[in-house]
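The values are calculated or read from the model by the stated rules, or taken from the named source; none is laboratory data. Everything numeric here is computed off the predicted structure, so don't read it as measured data. Positions of Cβ are generated from backbone atoms using ideal geometry, with glycine treated the same way; all protein chains shown enter the neighbour counts.
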Amino acid sequence: MTSRKPFVGGNWKMNLHGAEAQNLATQLTESLPTTDKVDIAIFPAFGYLAQVGKIIEGSSIKLGAQDFYHQPNGAFTGEVSLSMLTDLGVSVVLIGHSERRHVIGETDSLVNDKVLAALEANMQVILCVGETLEQREAGKTDAINMGQTLLGLAGVKAEQMAQVTLAYEPVWAIGTGKTATPADAQSAHLHIRQALAQSLFNQKIADAVRIQYGGSMKPGNASELCGEPDIDGGLIGGAALQAADFAAICETAASQ
Ligand code: 13P
C-alpha cells in the first residue's frame, strides 16, 4: 500500500474579521509544526486572503480559498475567478463543501465544472463529499458518497489526480459536536477509495489519493480518526479557529 502524507485544512468559513484573521494567521506561523510529515492549508474568508497570505508567506502553510467561480472572467457579479485567486497567492481550493451544496444550492454539475477548471488552473483541489443524516439513516451513505465522487470527478484525467484530495464530511457531523465513529468514518473512506479504484481510475491512483475526514474533528478525537488506515488528515472547521487546537490536530496527523 502507498503511504500517504496527511493533509490538514483549516476552513475558517464566514468567521473572523480583519484583525482576528491576522492574529490567528500570526499565531499559526508561530505554533504549527514545521515537520514535513503533514501538509497544512488554511482557508480564510475571501476578504482577508491578501492579508492572511502576506502573514503566512514564506511558511509551509498553504493559502486556500473556500470557493470560486469556474469561468475565467465576465458578467458574473459577486464571483471570484481562479486567476484572481492565483494573484493572491492561493494554491488550494475547496469545492463542493456541504454548506455550498445544501445552503447555497450547488449541484454536482457545478461542482464538476469547478473541479475541471481548478485542475486546469493548476490548483490543488479538495473535493468535499458527504451524506445528510436522513441519507445515513436510509442506509445511503456509500451510495451518496460514490455519486458525489463520480460526478464531481467526471472528466478528470488520471494524471490530474495528483492534484486532488477528497474530504469526507458527513453533513450531520459538521459543527454539531457529533463525530462519525472512527469505524464509520473508515468504512466511508474505504468505499470512496474503492469507487476511485473500480469506477473511475485504478487501485494505484486510488491508493495515492488522500481522503480527509471533516466533521467536529478536535484535538481529543483526531488521534483515533487519523489512526484509521484510510483517513489521511482532516478538514477542520470550529477547531481551526483556535491556534492551539488546530496546531494540536496538525501535530497528531503528522505523528500517525
Ligand atoms: P467542524 O469542524 O466545525 O464540524 O466543520 C467541519 C467542516 O465543515 C470543515 O470544512
Yes or no: G234 over 18 Å from the mean Cα position of the chain (by Cα), under 19 Å from G9 (Cα atoms), at pLDDT 95 or above and within 15 Å of the ligand (Cβ to nearest atom)?
no
Pairs needed: first member in the stretch 236-252, under 16 Å from Y213 (Cβ atoms); second member anywhere, within 7 Å of the ligand (Cβ to nearest atom) and at pLDDT below 95; C-beta distance under 7 Å; at least 6 residues apart or different chains.
G237/I174; G237/G175; G238/G175
Within the stretch 237-256, take every residue that is among the small types (G, A, S), out of contact with any helix residue (DSSP H, G or I) (no Cβ under 8 Å at 6 or more places or on another chain) and in a helix (DSSP H, G or I) and give me the one that is nearest to the ligand (Cβ to nearest atom).
G238
If I ask for residues that are touching a helix residue (DSSP H, G or I) at 6+ places or on another chain (Cβ under 7 Å) and either closer than 20 Å to P219 by Cβ or modelled with pLDDT under 95 (or both), which ones from the stretch 179-198 would you list?
T179, A180, P182, A185
Within the stretch 83-114, residues more than 16 Å from the ligand (Cβ to nearest atom), in contact with a Gly (Cβ under 7 Å, 6 or more places away or on another chain) and part of a helix (DSSP H, G or I) come out as D108, N112
The lone exception for E137 - which of (1) modelled with pLDDT under 95; (2) at positive phi; (3) not aliphatic (A, V, I, L, M) it fails
(2)
Go through (1) more than 12 Å from the ligand (Cβ to nearest atom); (2) surrounded by 17 or more Cβ atoms within 10 Å (Cβ to Cβ); (3) under 30 Å from L16 (Cα atoms) and name the single condition Y213 misses.
(1)
So for the stretch 153-164 (the condition being small (G, A, S), part of a helix (DSSP H, G or I) and away from the ligand (no atom under 16 Å from the Cβ)), does at least one residue qualify?
yes
Check off (1) within 14 Å of the ligand (Cβ to nearest atom); (2) surrounded by fewer than 22 Cβ atoms within 10 Å (Cβ to Cβ) for A185 and give me the number that stays unchecked.
(2)
Which of the following residues is closer than 23 Å to G155 by Cβ, more than 10 Å from the ligand (Cβ to nearest atom), crowded, with 20+ Cβ neighbours inside 10 Å and among the aliphatic types (A, V, I, L, M): I205, I192?
I192
Run down L28, L49, L32 and say which single residue is surrounded by 14 or more Cβ atoms within 10 Å (Cβ to Cβ) and at pLDDT below 95.
L32
Filter the stretch 159-195 down to the residues that are over 12 Å from Y213 (Cα atoms) and of a type in the set (S, T, Y) and list them by number.
T176
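The rows are residues; the columns are (1) over 23 Å from A253 (Cα atoms); (2) part of a helix (DSSP H, G or I).
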{"site": "L16", "(1), (2)": "yes, no"}
{"site": "A21", "(1), (2)": "yes, yes"}
{"site": "T29", "(1), (2)": "no, yes"}
{"site": "G47", "(1), (2)": "yes, yes"}
